[in-house]
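> Here you go, one structure.
Every number in this text was worked out from the coordinates using simple rules, so none of it is lab data. Being a predicted model, the structure only gives us computed values, none of them experimental. Glycine gets a Cβ as well: all are built from the backbone with ideal geometry, and neighbour counts include every protein chain shown.
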Amino acid sequence: MDIRAQVSMVFHLDKCIGCHTCSVACKNIWTDRKGTEYMWWNNVETKPGTGYPTLWEDQEKYHGGWERKSGSLNLRLHGRLGGLANIFFNPFLPTVDDYYEPWTYQYDELFNAPEGDDQPTARPISMITGKHMDIEAGPNWDDDLGGSPVYAANDPNLGELTEEERSQLNELERMVFFYLPRICNHCLNPGCVAACPAGAIYKRGEDGIVLISQEKCRAWRMCISGCPYKKVYYNWSTGKSEKCILCYPRLESGHAPACFHSCVGRIRYLGLLLYDADRIHETTLAPDDQLVEAHRAIIQDPFDPQVIAAAKANGISDAMINAAQHSPVYKFVKKWKLALPLHPEFRTLPMLFYVPPMLPVLAKLREGHYEISGVGDQGLAPMLSSLERARMPLRYMAHLFSGGNEEIVAAVYRKLIAVRIAKRAQHVSEATPDEVQQAMTVGNTNPEEIEAIFQLTSKPTFEERFVIPPLAREMAVEATLDPFTHKPETGFGFRRAPKRGG
Amino acid sequence: MLNIVLFIVFPYVSVILAVVVGSYRYFFDRFTYSSQSSQFLENRKLFYGSVPWHYGVILVLTAHVLALLFPAEWGILIGVPIRLYILEVTGYILAAIAILGMTMLIVRRLTAIRARVVTSRMDWVLLAVLLAQVVLGLWVALFYRWGADWYLHTAVPWILSLVTLNPQIQYVTVLPVVVQLHLLGGFLVIALFPFTRLVHLMTFPITYLWRPYQVVVWNRRARKP
């Protein structure tokens, strides 16, 4: 047993209102520099949709992540020799057009244009070339299903839906979407680390944050393809790759990452998980439909004396173990089994988990009224989610969150529905005690668990959402540096300007 | 006197520059070590430029280095005419491929505006020098037959004499001007090396062949894994 600690995340999609505050908070801190204008280390996508960069989930196109071939795990992108052979040209690299060409406007024209017959305009100019450009796409071009015949219709996750189910999604009355905020998953088996020829990307042992050494990066640009989530970005100006750093300078000083801190819907939870690093390999080899179970199994119980002993033997401090015991992520992922990894079939073991959104039920227009058909006949109160009548087929969710295993997603929903029915029964008395009991049985839960889920979902305090482990970086650096010298030097880490090399 | 400057002073200066400035840059400004790939900005033309250029020039350069390191074995290798012909013709083809690739790369940087904005002055110098050097090389190979052979008796002893700090320039001073330009061009590239993106060549990630896929960095590790 090789117990390690991982700073992990849960995003509760039911609470996401798609306001993009997280993205803007991140951008203002980290990616407002030249060469990073197009990067959104945190982005919020509308699902169904093609996402950012376009069609990032389509690994036939980008060859990201891992694949299981005859019992062994291979990078989809390349073998070792192939990686070096393709180093002069990466055939699967997304280019700036797969994201969007960043632009600004010539605002000074509004003030400086000579007097004339026409109103002066602020024309868009490219932030790459500085020349006039026609805007063809931008961040969240398909927000809220904008242009859905072009974008949402091409969502790779819709592939397994029947023609009828797909056409339903285009009917105005039946349209459905939800938001999917994404940051780097800080995976246990990251594809970017494995794909980097220079070995510049590494996982921090103490907290599992995945970082790119800007000194070692040589712009071989394999990480961008290797990451199946397309969460490594290429800074075209400095010639270095960059990615979400989970705001480690903030974490180290006890603050939540900027996107977590600023989240308006309070959908984000952050906490420590303990996992068994010896089992990473076997976990990544599980069949697609068993990946979620395997992923849960690698996460260890922080109250188990054996686990605690192994953690201590690995140098994990008591304070860190304590943080793991109070981790909201542990509750959502392991205890309640409500949060699922995004696309586990990429086999990178992502450590950002999602509570899938409640599915709105189908309504039909009849005599000028929307009617929810079939309400009541399953013992479910009206206006509540019903799996059987969900607008968004379960198969779609399973494709996103459970490697195609619908049973796992269904179990999550049954529990969420039970929580909702039980809480509504307390406050608006819609459901009878029998109905509540039935929902709890179906949802495999009990009143205590329901209350705990309700508290952490609807009324958590700041400290309950973010149990920031004491990373004690100042103690970790003591061995090599004076902590007081180190302290003002932390951050993104340049003591000189990141000047592009000749 | 000019010959001494060109064939003794210049090679030493260029190598010293490459080592000293290259090392300085590596140890004190490592952030600037990068291949500065612009594939992200322009994809299509790069394929037709970068791949032929790199493969062509690497193979040709490897032949140069092998002959320099193992002159005796190289001599035996080309001792039979048919082997010499095959080797030379292969060389012509590879050089032509490299020239086409480099031309494409230059055209790309001129025409693709996105790639042009990330092209520095030194990039232009480097592109021009590299193209000239490969064109000169092909010129020499085509019009001063069999270079694979006389290389062993001219440039090789000259370079070895430079390495052993006993410069003998008589091996090269009598050569035609075009050949001399090609020799000097080689050292010009070495001199340009630390000042350009050419430094990416020294950090070719050969260790990728054997390094473990996952890299975990510990600040302080209590227990060795």
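> Regarding segment B:37-141, what are the three Cα extents along the principal axes, ordered largest first, in Å?
That gives 50, 23, 22 Å along the principal axes, largest extent first.
> Within segment A:142-166, what residues put their amide N at less than 19 Å from the label point 7 Å along the Cα-to-Cβ vector of A:VAL264?
Counting backbone N atoms under 19 Å from the label point, the list is A:142-146.
> Quick check on my link table: of A:LYS69/A:LYS337; A:LYS15/A:LYS423; A:LYS203/A:LYS331; A:LYS61/B:LYS45; A:LYS47/A:LYS216; A:LYS27/A:LYS331, which ones sit more than 26 Å apart, alpha carbon to alpha carbon?
The pairs that break the limit, which is 26 Å between Cα atoms, are A:LYS69/A:LYS337; A:LYS47/A:LYS216; A:LYS27/A:LYS331.
> Most exposed first by the Cβ proxy, i.e. fewest other Cβ within 10 Å, how do A:ILE128, B:ILE97, A:ILE17 rank?
Numbers: A:ILE128 22, B:ILE97 19, A:ILE17 12.
Least to most surrounded, the residues fall as A:ILE17, B:ILE97, A:ILE128.
> So if the hydrodynamic radius of segment B:18-61 is defined as the Kirkwood radius over C-alpha pairs, what does Stokes-Einstein give as its diffusion coefficient at 4 °C and 1.567 mPa s, in µm² per second?
So the translational diffusion coefficient is about 102 µm²/s.
> While we're looking at this one, here's another question. Mean separation of Cα pairs under 8 Å and 6+ residues apart, divided by the residue count of segment A:49-164: what relative contact order is that in percent?
Averaging sequence separation for qualifying contacts and normalising by length gives 29 percent for segment A:49-164.
> Restricting to Cα pairs below 8 Å that are 6+ residues apart, what does the relative contact order work out to for segment A:265-465? Please round to a whole percent.
18 percent
> At a Cα cut-off below 16 Å, give the aspartates and glutamates reachable from A:LYS34, other chains included and same-chain residues fewer than 8 away excluded.
A:GLU101, A:GLU242
> I'd like the projected area of segment B:101-225, averaged over all directions, using the convex hull of its alpha carbons. Report it in nm² with one decimal.
Averaging across all directions leaves 13.7 nm² for the Cα convex hull.
> Follow-up question, since we're still on this one. For segment A:258-312, compute the orientation-averaged projected area of the C-alpha convex hull (one quarter of its surface), in nm².
Mean shadow area of the hull around the Cα atoms is 5.8 nm².
> Dipole magnitude of segment A:265-465 about its Cα centre, charges +1 at Lys/Arg Cβ and -1 at Asp/Glu Cβ only, in debye to the nearest 20? Write out the running numbers ahead of the final one.
On the way: 22 positive and 24 negative charges, 121 e Å.
Charge dipole of segment A:265-465: 580 debye, to the nearest 20.
> Mean residue ellipticity at 222 nm from the helices of chain A, using -39,500 (n - 2.57) per DSSP H segment of n ≥ 4 over the full residue count, to the nearest 500 deg cm²/dmol?
Estimated from H runs of four or more residues: -7500 deg cm²/dmol.
> Translational D (Stokes-Einstein, µm²/s) of segment B:155-225 at 10 °C and 1.306 mPa s when Rh comes from the Kirkwood sum over C-alpha pairs?
96 µm²/s
> Could you please report the charge total around A:GLY18, scoring K, R as +1 and D, E as -1 over all other residues with beta-carbon less than 10 angstrom from its beta-carbon? It would help to have the intermediate numbers written out before the result.
Values: positive: none; negative: A:GLU45, A:ASP143, A:ASP144.
Taking every Cβ under 10 Å from that of A:GLY18, the sum is -3.
> Could you list A:GLU449, A:GLU407 in order of exposure, starting from the residue whose Cβ has the fewest other Cβ atoms within 10 Å?
Going from least to most buried by this count: A:GLU407, A:GLU449.
> Restricting attention to the alpha-carbon atoms of the protein assembly as shown, what are Rg (one decimal) and Dmax (integer), both in Å?
30.6, 106
> How big is the shadow of the Cα convex hull of segment B:122-196, averaged over all directions, in nm²?
Spelled out: convex hull of the Cα atoms, projected over all directions, averaged, 5.2 nm².
> Here is a further query. Give me, ordered by chain and number, the residues 5 or more places off B:VAL215 or on other chains with an amide H under 5 Å from its own placed amide H.
So B:VAL215 has HN proximity to A:LYS203.
> Relative contact order for segment B:2-209: what percent, with Cα pairs under 8 Å and sequence separation of 6 or more?
Details: 187 pairs, mean separation 74.2, N = 208.
With pairs under 8 Å counted, the relative contact order is 36 percent.
> About the Cα centre of segment A:314-364, how large is the charge dipole given +1 on each Lys and Arg Cβ and -1 on each Asp and Glu Cβ? Please answer in debye to the nearest 20.
260 debye
> Something else about it: Can you compute the helix-only [θ] at 222 nm over chain B? Use -39500 (n - 2.57) per DSSP H run of at least 4 residues, normalise by all residues, nearest 500 deg cm²/dmol.
-21000 deg cm²/dmol
> Find which of A:GLY51, B:MET102, A:PRO328 sits farthest along the positive direction of the dipole of the protein assembly as shown, computed with +1 on the beta-carbon of Lys and Arg, -1 on that of Asp and Glu, about the Cα centre.
B:MET102
> Size of segment A:47-164 along its principal axes in angstrom, Cα-based, largest extent first?
Computed over the Cα atoms, the extents are 73, 45, 13 Å.
> Please report, largest first and rounded to whole Å, the three semi-axes of the ellipsoid equivalent to chain B, where each semi-axis is the square root of five times an eigenvalue of the C-alpha gyration tensor.
After scaling each eigenvalue by five and taking roots: 33, 23, 20 Å.
> Oh, and also: Just report the Cα centroid separation between segment A:280-337 and segment A:461-489, whole Å.
23 Å
> Also, I was wondering about something else. Any chance you could list the semi-axes, whole Å, largest first, of the equivalent ellipsoid that the Cα gyration tensor gives for segment A:265-465, using √(5λ)?
Rounded to whole Å, the semi-axes are 34, 21, 13.
> Another question, if that's okay. Over all residues in B:195-203, what is the mean tally of Cβ atoms on other chains that come within 10 Å of each residue's Cβ? Walk me through the numbers on the way to the answer.
Working: counts 2, 2, 5, 1, 3, 6, 0, 0, 5.
Counting Cβ atoms of other protein chains within 10 Å of each residue's Cβ and averaging gives 3.
> If you rank A:GLU474, A:GLU206 by fewest surrounding Cβ atoms within 10 Å, what's the result?
The order, fewest Cβ neighbours first, is A:GLU474, A:GLU206.
> Can you give the Kirkwood hydrodynamic radius of segment A:112-181 from its Cα pairs, in Å with one decimal?
It works out to 15.8 Å.
> Going toward the positive end of the dipole of the protein assembly as shown, with +1 on Lys and Arg Cβ and -1 on Asp and Glu Cβ, which of A:LEU481, B:VAL172, A:ALA398 do you reach last?
So the residue we want is B:VAL172.
> I need the semi-axes of the equivalent ellipsoid of segment A:98-220: take the C-alpha gyration tensor, multiply each eigenvalue by 5, square-root it, list largest first in whole angstrom. If you can, show how the numbers build up before the last one.
Values: eigenvalues 267, 195, 29 Å².
Output for segment A:98-220: semi-axes of 37, 31, 12 Å.
> Might you report the magnitude of the Cβ-based charge dipole of the protein assembly as shown about its Cα centre, with Lys and Arg at +1 and Asp and Glu at -1, to the nearest 20 debye?
Using Cβ point charges on Lys, Arg, Asp and Glu, the protein assembly as shown gives about 2400 debye.
> Strictly under 4.7 angstrom between C-beta atoms: which cysteines of chain A have no such partner?
A:CYS16, A:CYS19, A:CYS26, A:CYS187, A:CYS196, A:CYS217, A:CYS247, A:CYS263, each lacking another Cys Cβ under 4.7 Å.
> Along its principal axes, what span do the Cα atoms of segment A:12-82 show, with the longest given first and each in whole Å?
44, 34, 19
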